[in-house]
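The values are calculated or read from the model by the stated rules, or taken from the named source; none is laboratory data. Source: prediction; values computed, not measured. Glycine also receives a Cβ, built like all others from the backbone with ideal geometry; neighbour counts cover every protein chain displayed.
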Amino acid sequence: MPIPNLSLSDLTAVFGDLPRSPVIHRAYDHVRERLEPFLFNHVARSWVFSVKLAARRGQALDAEVVAVSTLLHDLGLTPHAPGPHRFEVNGAEAARAFVRDLGFDDRRAQLVWDSIALHATPSIGFLKEPEVAICGRGITLDFGGPDFAAFAPKEIASIVSALPRLDMKQRFTGCMRHEAETRPEATYDNLVRDFGLRYVQGYAPPSWVDQVLGGPYDE
């Protein structure tokens, strides 16, 4: 797998508002060495968007929690975060272990876990702690989420120029299809369900209507 060329030093030279620390450097290199270039660029853009969005809102957040959470949020789509759960939770488990090894206390490690586990569930994640919410907003912004209009077209273009999308729409769709095809039982209650229903023959998630009406009770 080719390693993306943009080092952390390169990226912070382009975007001087990005924070730096040994922890952030470790997280950046961790995913740079493990993610395919299109997916690495996505998580890096998500970090940039989160940092810039927090600045626009005047939020003083835990910069390392935000960086680690956004950079590691898609580890669950790779062999580096295996597990039986939905991909967000598998990634959250791997990320929590990663930051504990770096000395995060339980509170900060839990913020990382929540940020990653809830990044694709904005109806919950956006209402959590500020770090969790800003990570979710930055990540969804890379898909045209609700905060997209907060950025001028020229600023979006500068971010995409530094971190090209590399056929992101089709490649990410491929990741979702793979999840639905190979681990359908872990996809029925998250965003992968939509991709399974559209693209995977025979994909049949259970229905809550059937669960309620067919429950083991007389009424």
**OP:** Run R193 past the list (1) in a loop (DSSP other than H, G, I, E, B); (2) at pLDDT 95 or above and report the number of the one that doesn't hold.
**Re:** (1)
**OP:** Those residues that are basic (K, R) and over 14 Å from the mean Cα position of the chain (by Cα), I need them from segment 42-81; list them, please.
**Re:** K52, R56, R57
**OP:** Could you please find all residues in segment 146-178 being outside any helix (DSSP H, G or I) and of a type outside the set (G, A, S)?
**Re:** P146, D147, F151, L163, P164, R165, L166, D167
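Being under 22 Å from D17 (Cβ atoms) and either without any contact (Cβ under 8 Å) to a residue 60 or more places away in the chain or touching a Ser or Thr at 6+ places or on another chain (Cβ under 8 Å) (or both) is true for just one of S207, S161. Which residue is that?
Numbers: S207 fails: under 22 Å from D17 (Cβ atoms).
Exactly one of S207, S161 is under 22 Å from D17 (Cβ atoms) and either without any contact (Cβ under 8 Å) to a residue 60 or more places away in the chain or touching a Ser or Thr at 6+ places or on another chain (Cβ under 8 Å) (or both), namely S161.
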Original post:
Just one of S69, S46 is crowded, with 21+ Cβ neighbours inside 10 Å and touching a Cys at 6+ places or on another chain (Cβ under 6 Å); which is it?
Top reply: S69
**OP:** Could you check, for segment 87-100, whether at least one of its residues is surrounded by fewer than 17 Cβ atoms within 10 Å (Cβ to Cβ) and in contact (Cβ under 8 Å) with a residue 24 or more places away in the chain?
**Re:** no
**OP:** Give L6, L53, L39 a once-over and let me know the one that is more than 24 Å from D105 (Cβ to Cβ), in contact (Cβ under 8 Å) with a residue 60 or more places away in the chain, in a loop (DSSP other than H, G, I, E, B) and out of contact with any Ser or Thr (no Cβ under 7 Å at 6 or more places or on another chain).
**Re:** L6
Subject >> Those residues of segment 96-145 which are of a type outside the set (A, V, I, L, M) and assigned to a loop (DSSP other than H, G, I, E, B), in sequence order >> reply: G103, F104, D105, H119, T121, F126, K128, E129, D142, F143, G144, G145
Original post:
Any chance segment 148-161 includes a residue that's touching a Pro at 6+ places or on another chain (Cβ under 9 Å), modelled with pLDDT of 95 or more and closer than 26 Å to G58 by Cβ?
Top reply: no
**OP:** Just give me the residues in segment 10-29 being of a type in the set (S, T, N, Q) and out of contact with any Lys or Arg (no Cβ under 9 Å at 6 or more places or on another chain), in sequence order.
**Re:** S21
Original post:
Across segment 122-150, what is the total count of residues that are under 26 Å from F195 (Cα atoms), of a type outside the set (F, W, Y) and touching a helix residue (DSSP H, G or I) at 6+ places or on another chain (Cβ under 8 Å)?
Top reply: 17
Subject >> Candidates F172, F143, F195, F151 - the one that is surrounded by fewer than 16 Cβ atoms within 10 Å (Cβ to Cβ), under 23 Å from L39 (Cβ atoms) and of a type in the set (A, V, I, L, M, F, W, C) >> reply: F143
**OP:** Collect the residues in segment 10-36 that are not in a helix (DSSP H, G or I) and not aromatic (F, W, Y), keeping them in residue-number order.
**Re:** G16, D17, L18, P19, R20, S21, E33, R34, L35, E36
**OP:** Report yes if some residue within segment 197-208 is among the polar types (S, T, N, Q) and either touching a helix residue (DSSP H, G or I) at 6+ places or on another chain (Cβ under 6 Å) or within 20 Å of H73 (Cβ to Cβ) (or both); otherwise report no.
**Re:** no
